[in-house]
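Below is one structure, written out as structure tokens; the observations come after it.
The values are calculated or read from the model by the stated rules, or taken from the named source; none is laboratory data. Bear in mind that the values here come from a model prediction, so they are computed numbers and not experimental data. Cβ sites come from the backbone with ideal geometry, for glycine too, and all protein chains shown count toward neighbours.
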Amino acid sequence: MEESESLTIDYRRARFLKSAPTLRECPPDSGAEVAFAGRSNAGKSSAINALTDNHKLARTSKTPGRTQLLNFFELDDLHRLVDLPGYGFAKVPLAVKQEWQRHLEKYLSDRASLRGLILLMDVRHPLQPFDTLLLDWAAQCKMPTHILLTKADKLNFGTAKTALLGIEKALKGRRGLTATAQLFSSLNKMGLEELQQRLNSWLLQEVEIEVAPE
């Protein structure tokens with residue numbers, strides 16, 4: 001057990017795998033994956049690029065035509081990161097948003113390989129309607145959730161810490177939700193190691209299950 005707990009994943013090996021408009025078109029539902037979600041201005045692509053030390057990796061999710069797709073990045077044969085499309089300031093018809101939300105809800109509830117959800121919020125504007133919607137879904141699906149309060153470098157430490165404590169208090173009041181939170185900055189890599197440890201704890205748990213002795 002002690003040896004397995006020391007295992008880590010090299011996130012720098014991440015490479016773009018595929019994009020999928022629906023759950024049916026996702027990669028095979030095996031191994032383990034963690035999904036990143038957030039409003040379109042929450043810094044999701046920057047966080048993924050900082051994690052993988054590849055400033056061009058998540059750019060694929062911003063190319064025209066991919067804004068409504070689930071983008072999969074392969075870490076190795078068993079592990080993946082998933083960049084979920086974000087709305088907020090996106091100028092799309094309400095019917096399109098509702099259709100995307102149906103696909104997202106189905107992905108969160110039906111995807112067996114999904115081990116956890118990373119939800120990104122701008123530390124200066126947390127818990128927007130989109131954020132609370134995802135937290136509600138996570139609670140319903142019993143999906144472990146870890147919140148990144150992004151752009152923490154834009155606040156002094158005391159103010160950022162107060163925001164974090166406020167989020168943690170709000171999370172405790174949400175029934176059925178298993179969630180944690182941290183401060184994060186893609187610019188100065190604040191909280192990067194904590195994020196990696198959270199991802200490892202989710203992704204490598206599946207590895208232990210798959211390689212368990214007969």
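Take Pro85 and tell me if it is modelled with pLDDT under 95 and surrounded by 15 or more Cβ atoms within 10 Å (Cβ to Cβ).
Yes, satisfied.
Name the single residue that is modelled with the lowest pLDDT among those in the stretch 22-63 being polar (S, T, N, Q) and closer than 14 Å to Ser186 by Cβ.
Asn41
Against the definition (under 19 Å from Thr52 (Cβ atoms) and surrounded by fewer than 20 Cβ atoms within 10 Å (Cβ to Cβ)), how does Ser186 come out, yes or no?
no
On the given criteria, is Val82 under 18 Å from Ala47 (Cβ atoms), in contact with a helix residue (DSSP H, G or I) (Cβ under 8 Å, 6 or more places away or on another chain) and of a type in the set (Val, Ile, Thr)? Outline the logic, then answer.
Details: under 18 Å from Ala47 (Cβ atoms): yes; in contact with a helix residue (DSSP H, G or I) (Cβ under 8 Å, 6 or more places away or on another chain): no; of a type in the set (Val, Ile, Thr): yes.
No: the conditions fail for Val82.
Quick grid of which residues meet (1) crowded, with 17+ Cβ neighbours inside 10 Å; (2) not β-branched (Val, Ile, Thr):
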residue: Val123; (1), (2): yes, no
residue: Gln128; (1), (2): no, yes
residue: Ala152; (1), (2): yes, yes
residue: Lys172; (1), (2): no, yes
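For Met121, which of the numbered conditions (1) modelled with pLDDT of 95 or more; (2) more than 30 Å from Thr8 (Cβ to Cβ) fails to hold?
(2)
Please determine whether any residue of the stretch 103-111 is in contact with a Gly (Cβ under 6 Å, 6 or more places away or on another chain) and surrounded by fewer than 17 Cβ atoms within 10 Å (Cβ to Cβ).
No, there is no match, as no residue in the stretch 103-111 is in contact with a Gly (Cβ under 6 Å, 6 or more places away or on another chain) and surrounded by fewer than 17 Cβ atoms within 10 Å (Cβ to Cβ).
If the Cβ limit is 8 Å and pairs must be 6+ apart or interchain, which residue in the stretch 1-30 that is assigned to a loop (DSSP other than H, G, I, E, B) pairs with which residue that is hydrophobic (A, V, I, L, M, F, W, C) and at pLDDT below 85?
Leu7/Val207; Pro21/Leu69
Does the stretch 148-159 contain any residue that is small (Gly, Ala, Ser) and over 19 Å from Leu84 (Cα atoms)?
Looking only at the stretch 148-159, we keep the residues that are small (Gly, Ala, Ser), and these are 152, 158.
If we keep only those that are over 19 Å from Leu84 (Cα atoms) as well, we get 152, 158.
Within the stretch 148-159 (the criterion being small (Gly, Ala, Ser) and over 19 Å from Leu84 (Cα atoms)), the answer is yes, since at least one residue qualifies.
Residues of the stretch 109-159 being free of Cβ contacts under 8 Å to residues at least 40 places away in the same chain and acidic (Asp, Glu), which ones?
Once the filter is applied, which keeps residues that are free of Cβ contacts under 8 Å to residues at least 40 places away in the same chain and acidic (Asp, Glu), the stretch 109-159 yields Asp136, Asp153.
Restricted to the stretch 88-118, and to residues that are at pLDDT below 95 and among the hydroxyl-bearing types (Ser, Thr, Tyr), which residue is farthest from Pro28 (Cα to Cα)?
If we take residues in the stretch 88-118 being at pLDDT below 95 and among the hydroxyl-bearing types (Ser, Thr, Tyr), then Ser109 is farthest from Pro28 (Cα to Cα).
Let me confirm something: among Leu183, Leu135, Leu195, which residue is at pLDDT 95 or above, within 19 Å of Asn41 (Cβ to Cβ) and within 17 Å of the chain's Cα centre (by Cα)?
Within the list Leu183, Leu135, Leu195, the selection yields Leu183.
Consider the stretch 31-53. How many of its residues are touching a strand residue (DSSP E or B) at 6+ places or on another chain (Cβ under 9 Å) and in a helix (DSSP H, G or I)?
Of the residues in that region, 8 qualify.
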